[in-house]
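Student: Starting off with a structure, shown below.
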Amino acid sequence: MSILVFVEHHGNELQKGSLGVLSKAASLGDADVAAVLVGAGVRSLASELGKFGAARVYAAEDDALEPPLPQARVDVLAKVVRDGGYDTILLANSVLAADVAAGLAARLDAGLNWDLADVVSEDGSLVGKRPALQDSVYVDVGWTSEPRIGLFRAGSFDATATGGGEPQVEDVSVELEEHSRGARIVDQQLEESSGPSIEDAEIVVAGGRGLGAPEHFGLAEELAKALGGAVGATRAVVDAGWYPYAAQIGQTGKTVSPKLYVALGISGAIQHKVGMQSSNVIVSINKDANAPIFEFSDLGVVGDVHEIVPKLTELVKQRKSG
Ligand SMILES: Cc1cc2nc3c(=O)[nH]c(=O)nc-3n(C[C@H](O)[C@H](O)[C@H](O)COP(=O)(O)OP(=O)(O)OC[C@H]3O[C@@H](n4cnc5c(N)ncnc54)[C@H](O)[C@@H]3O)c2cc1C
């Protein structure tokens with residue numbers, strides 16, 4: 001099996017999701033694993049990918065490739081796949097990667113399995129695991145032809161250093177298709193944020209309807225700040241306009257797997273659970289002792305968030321300053 005992983009970067013920062021997919025590919029065992037970087041100034045990022053399991057890195061470096069547009073990336077990946085004879089292309093989902101995967105599937109006449117949460121190698125064949133029936137079960141999915149393309153849910157894998165050495169770096173130069181030069185980015189806005197994003201944070205403090213009102217999200221924010229984490233939310237509060245959609249965790253939001261997940265006033269509906277169940281330690285505070293979230297929490301506190309959270313935040317601050 002020969003696997004090519006599309007590694008996304010923002011500026012000089014390699015995206016954790018892509019690195020997770022790369023380390024997963026390397027863990028599959030008997031596969032040749034390569035990565036591809038596309039953009040301006042990407043060559044300097046290539047050597048880092050060895051640590052995550054890439055034996056070879058293709059660097060398509062060109063100012064014309066700097067805007068994060070999908071079509072030019074389809075041109076690059078199609079050439080690398082054809083020239084290198086790769087039978088499998090894996091990507092971590094993002095707005096850009098989803099478009100690249102779809103375009104590449106059309107260009108290579110390849111099968112694309114999307115929304116995968118895992119992949120395993122069984123008797124030399126790849127089998128994808130995809131959530132179905134509102135994420136209540138996992139189904140096995142496969143490919144009937146090569147090349148095969150897999151697009152993984154954000155946060156499916158940890159970016160684990162595999163102990164690999166220096167990769168072989170190969171420059172790729174691609175003549176872009178006429179239609180790939182048609183689109184241009186006219187404006188880009190960067191979201192202002194303080195602290196880590198919920199996908200990258202090692203600690204997530206998430207608030208639900210149990211906080212009672214939008215202004216009480218300050219409780220979650222204060223605790224997250226004290227712990228050095230990020231704030232997440234349930235769909236119920238996002239739909240109610242209490243917190244921005246970008247913070248929504250769950251089936252129709254983001255998937256996170258921090259070291260610590262603190263749930264404040266969250267019932268633990270299956271659609272929320274699927275977005276956070278792979279967190280290392282789950283701590284929940286809920287006034288209802290029968291709330292479903294306690295069934296999958298490592299530590300459950302039955303009580304009122306308004307009484308407990310300010311004290312907890314104070315304690316965390318004291319510990320940190322002491
Ligand atoms: C197709 C579909 C997709 C969905 N996608 C998502 C998704 O991506 N993410 C998501 O989160 N949901 C999603 N949902 C919604 C999901 O089913 C739940 O409705 C939602 O997660 C509930 O949010 P909640 O826990 O904040 O609210 P509730 O279910 O209302 O729970 C509030 C909890 O707070 C507790 N509480 C109340 N007051 C206090 C207090 N003072 N102190 C402590 N505890 C208190 C209550 O006991 C209760 O357990 C989806 C639903 C559907 C149908």
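Student: List the pairs from LYS129/LYS273; LYS259/LYS320; LYS287/LYS317; LYS225/LYS320; LYS287/LYS311; LYS259/LYS287 whose alpha-carbon separation is above 20 Å, in the order I gave them. Display every interim value, and only then the final one.
Tutor: On the way: LYS129/LYS273 17 Å; LYS259/LYS320 18 Å; LYS287/LYS317 24 Å; LYS225/LYS320 12 Å; LYS287/LYS311 16 Å; LYS259/LYS287 24 Å.
LYS287/LYS317; LYS259/LYS287, as the Cα separations exceed 20 Å there.
Student: Related question: On a 0 to 90 degree scale, rounded to 10, what angle separates helix 217-227 from the longest Cα axis of the chain?
Tutor: For 217-227 against the chain, the angle is about 70 degrees.
Student: Another one. Determine the per residue accessible area of the stretch 1-129 with all protein chains present and a 1.4 angstrom probe, expressed in square angstrom.
Tutor: Numbers: 4850 Å² over 129 residues.
With the other protein chains kept in place, the stretch 1-129 gives 38 Å² per residue.
Student: Roll a 1.4 angstrom probe over the protein heavy atoms and tell me the percent of accessible area of the chain that is carbon or sulfur.
Tutor: Details: 7560 of 15890 Å².
Answer for the chain is 48 percent, counting heavy atoms of protein chains only.
Student: If you add up the charges near THR160, with Lys and Arg at +1 and Asp and Glu at -1, over every other residue whose beta carbon is less than 12 angstrom from its beta carbon, what do you get?
Tutor: Working: positive: LYS16, LYS24, LYS51; negative: ASP158.
My count for the surroundings of THR160 gives +2.
Student: Modelled label-to-label distance, VAL127 and ASP62, 7 Å Cα→beta-carbon offset: nm?
Tutor: Computed distance between label sites VAL127 and ASP62 equals 4.1 nm.
Student: Accessible surface of GLU146 in the full protein assembly, 1.4 angstrom probe, to the nearest 10 Å²?
Tutor: For GLU146, solvent-accessible area is about 120 Å².
Student: Multiply the residue separation of SER136 and ARG319 by 0.36 nm, subtract the distance between their alpha-carbon atoms, and state the gained length in nm to one decimal. The partial results should precede the final answer.
Tutor: On the way: separation 183, 0.36 × 183 = 65.88 nm, distance 3.96 nm.
The span from SER136 to ARG319 would gain 61.9 nm if fully extended.
Student: Just to be sure I understand the model, the point goes 7 Å from the Cα along the line to the Cβ. What's the resulting TYR245 to ARG107 distance in nm?
Tutor: Label at TYR245, label at ARG107, 2.9 nm between them.
Student: For helix 305-321, report the angle its Cα long axis makes with the longest principal axis of the Cα atoms of the chain; keep it between 0 and 90° and round to the nearest 10°.
Tutor: Its long axis makes an angle of about 70 degrees.
Student: With a 1.4 Å probe and every protein chain left in place, tell me how much accessible area MET1 has, in Å² to the nearest 10.
Tutor: About 50 Å², ignoring ligands and nucleic acids.
Student: Express in nm, to one decimal, how much length is gained between ASP30 and THR160 on full extension, taking 0.36 nm for each residue of separation and deducting their alpha carbon distance. Kindly include the intermediate steps, with their values, before the conclusion.
Tutor: Details: separation 130, 0.36 × 130 = 46.80 nm, distance 1.80 nm.
Contour length minus Cα-Cα distance gives 45.0 nm.
Student: If you don't mind, another one. Counting Lys and Arg as +1 and Asp and Glu as -1, each charge on the Cβ, what is the dipole of the chain about the Cα centre in debye, to the nearest 20?
Tutor: Numbers: 26 positive and 44 negative charges, 182 e Å.
Dipole magnitude for the chain comes out near 880 debye.
Student: I've got another one for you. Ignoring ligands, DNA and RNA, how do HIS179, HIS216 rank by accessible area with a 1.4 Å probe, largest first?
Tutor: Ranking HIS179, HIS216 by accessible area, largest first, yields HIS179, HIS216.
Student: When all protein chains stay in place, what accessible area (Å², nearest 10, 1.4 Å probe) is found for ASP118?
Tutor: 50
The values are calculated or read from the model by the stated rules, or taken from the named source; none is laboratory data. Note that the structure is a prediction, hence the values are computed from the model and not measured. Here the Cβ is made from the backbone with ideal geometry for all residues, glycine too, and neighbour counts use every protein chain on show. All accessible areas refer to the heavy atoms of the entire protein, side chains included, with ligands and DNA or RNA removed. Shrake-Rupley method; radii C 1.70, N 1.55, O 1.52, S 1.80 Å.
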